[in-house]
Amino acid sequence: MNLLNGKEVSAKVLVQIAQEARDLSVQPCLAVIIVGDDPASRIYVNNKKKACEQVGFRSLEFALPTETGQEKLLSLVDELNRDASVHGILCQAPLPRGYGYDERAVCRAISPAKDVDCFHPETAGKLLLGEAGFLPCTPAGVIALLDDAGISLSGKQVVIVGRSNIVGKPMAILALRRDATVTICHSKTKDLAKITRRADILIAALGKLHFITAEMVKDGAVVIDVGMNRMEGKKVRGDVDFENVAGKCSFITPVPGGVGPMTIAMLMQNTLTAAKMAANIC
Ligand code: GUN
């Protein structure tokens, strides 16, 4: 079994991004909006800011109180859309419940040119059609991790467990672009283990602690764990029962230290792309 070390690979990617950023005539700038005080969101936002620092980007944080409201949130997005010094904008999900927030409306309000999360319908549509544009951070991070290990997707059976807009669906599109044969499974899938056992590359992205057990994995499979389940005491564990599954795999990602750091590296890549586009460099 080989570990796919996202911490190491993301560090390499960040060095390359920092190098490219140094050679740019503009300093890339990412604006991050966080509403409320969700502790997990706070950690993710801090990690994104830290990554910006590491690659020499400017980062702006807008920490809004829970009760800010949709209208004020949208007017901040509008202001950032019109600010030419801001290249990427993201609003950390989830937004607080019970205050009338509409997450999709916020995604639609962010200018597609600054949509580094790849959540706007135009960005998602371009992805589907194979047109140039931002790549969704977590799926792009998974592909970059496989590429770094020299694992080809072409002709492989890729099985994705989870159909979210953030991971499952865009992951399927990126795997398809690499000529994989893709299956998406979800909560209504019948005989799930039979399908997951067919996978050459199994991607778990359903958000259920240790859901993927050893019986669900083919010998020699590559297992990618996108899960981030927070335990009591702040520890993070994946959707894969790592202890029992690892022995069966050719490659597996740990949690933490697997896909998570790659997601942030791809966010930096998208922010760099946004800055280049704004400066007419690409
Ligand atoms: N919440 C969980 N993952 C993400 C992400 O990739 N982007 C944003 N904006 N919020 C998230």
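The values are calculated or read from the model by the stated rules, or taken from the named source; none is laboratory data. Nothing here was measured: the structure is a model prediction, and the numbers come from that model. Backbone-built Cβ (ideal geometry, glycine too); neighbour counts: all protein chains shown.
Taking the condition of being in a loop (DSSP other than H, G, I, E, B) and either more than 13 Å from the ligand (Cβ to nearest atom) or modelled with pLDDT under 95 (or both), how many residues in the stretch 120-132 meet it?
So the first thing to find is which residues in the stretch 120-132 are in a loop (DSSP other than H, G, I, E, B), and the list is 120, 130-132.
Filter once more, so that each one left must be either more than 13 Å from the ligand (Cβ to nearest atom) or modelled with pLDDT under 95 (or both): 130-132.
Of the residues in the stretch 120-132, 3 are in a loop (DSSP other than H, G, I, E, B) and either more than 13 Å from the ligand (Cβ to nearest atom) or modelled with pLDDT under 95 (or both).
Suppose we keep only residues that are surrounded by 18 or more Cβ atoms within 10 Å (Cβ to Cβ) and away from the ligand (no atom under 16 Å from the Cβ) within the stretch 28-67. Which one would you say is farthest from G100 (Cα to Cα)?
V55
Take the residues in the stretch 98-119 that are more than 12 Å from the ligand (Cβ to nearest atom) and assigned to a loop (DSSP other than H, G, I, E, B); name whichever of them is surrounded by the most Cβ atoms within 10 Å (Cβ to Cβ).
Ranking the candidates gives Y101 first.
With L80, L76, L146 as the choices, which residue is at pLDDT 95 or above and over 25 Å from V35 (Cα atoms)? Explain how you work it out, then say what you get.
Values: L80 fails: over 25 Å from V35 (Cα atoms); L76 fails: over 25 Å from V35 (Cα atoms).
Checking each option against the conditions leaves just L146.
Counting only residues that are under 23 Å from G227 (Cβ atoms), give me the strands (runs of 3 or more DSSP E) lying completely in the stretch 22-97 with at least 1 of them. Full working, then the answer.
Details: elements: 29-35, 58-64, 88-91.
Hits in the stretch 22-97: 29-35, 88-91.
Determine if the stretch 206-218 includes at least one residue that is within 16 Å of the ligand (Cβ to nearest atom) and among the aliphatic types (A, V, I, L, M).
yes
Select from the stretch 136-157 the residues that are part of a loop (DSSP other than H, G, I, E, B) and either of a type in the set (K, R) or under 9 Å from the mean Cα position of the chain (by Cα) (or both) and list them in ascending order.
To start, the set of residues in the stretch 136-157 that are part of a loop (DSSP other than H, G, I, E, B) comprises 136, 149-156.
The answer is P136, K156.
Among the residues of the stretch 68-97, which ones are in contact with a Ser or Thr (Cβ under 8 Å, 6 or more places away or on another chain), crowded, with 19+ Cβ neighbours inside 10 Å and closer than 17 Å to N165 by Cα?
Q92
Among S75, S25, S85, which is away from the ligand (no atom under 16 Å from the Cβ), of a type in the set (S, T, Y) and without any contact (Cβ under 8 Å) to a residue 12 or more places away in the chain? So that I can check it myself, show each step before the final result.
Values: S25 fails: without any contact (Cβ under 8 Å) to a residue 12 or more places away in the chain; S85 fails: without any contact (Cβ under 8 Å) to a residue 12 or more places away in the chain.
Among S75, S25, S85, only S75 is away from the ligand (no atom under 16 Å from the Cβ), of a type in the set (S, T, Y) and without any contact (Cβ under 8 Å) to a residue 12 or more places away in the chain.
Listed here are the residues, each with its yes/no results for (1) surrounded by fewer than 15 Cβ atoms within 10 Å (Cβ to Cβ); (2) out of contact with any Asp or Glu (no Cβ under 8 Å at 6 or more places or on another chain); (3) within 20 Å of A149 (Cα to Cα).
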| residue | (1), (2), (3) |
| --- | --- |
| A175 | no, yes, yes |
| T196 | no, yes, no |
| T213 | yes, no, no |
| M216 | no, yes, no |
| G238 | no, no, no |
| F242 | no, no, yes |
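Quick one: would you say T138 is closer than 25 Å to A246 by Cβ, in contact (Cβ under 8 Å) with a residue 40 or more places away in the chain and of a type outside the set (D, E, K, R)? Let's see the steps before the verdict.
On the way: closer than 25 Å to A246 by Cβ: yes; in contact (Cβ under 8 Å) with a residue 40 or more places away in the chain: yes; of a type outside the set (D, E, K, R): yes.
When the stated conditions are applied, T138 passes them.
Output yes when any residue across the stretch 165-176 is more than 13 Å from the chain's Cα centre (by Cα) and in a loop (DSSP other than H, G, I, E, B), and no when none is.
From the stretch 165-176, those more than 13 Å from the chain's Cα centre (by Cα) are 172-173, 175-176; that's our starting set.
Adding the requirement that they be in a loop (DSSP other than H, G, I, E, B) leaves none.
Checked against the condition, which is being more than 13 Å from the chain's Cα centre (by Cα) and in a loop (DSSP other than H, G, I, E, B), the stretch 165-176 yields no hits at all.
Looking at L24, L3 in this structure, which one is over 21 Å from I281 (Cβ atoms) and over 19 Å from the mean Cα position of the chain (by Cα)? Give the derivation first.
Values: L24 fails: over 21 Å from I281 (Cβ atoms).
L3 is the lone residue from the list that is over 21 Å from I281 (Cβ atoms) and over 19 Å from the mean Cα position of the chain (by Cα).
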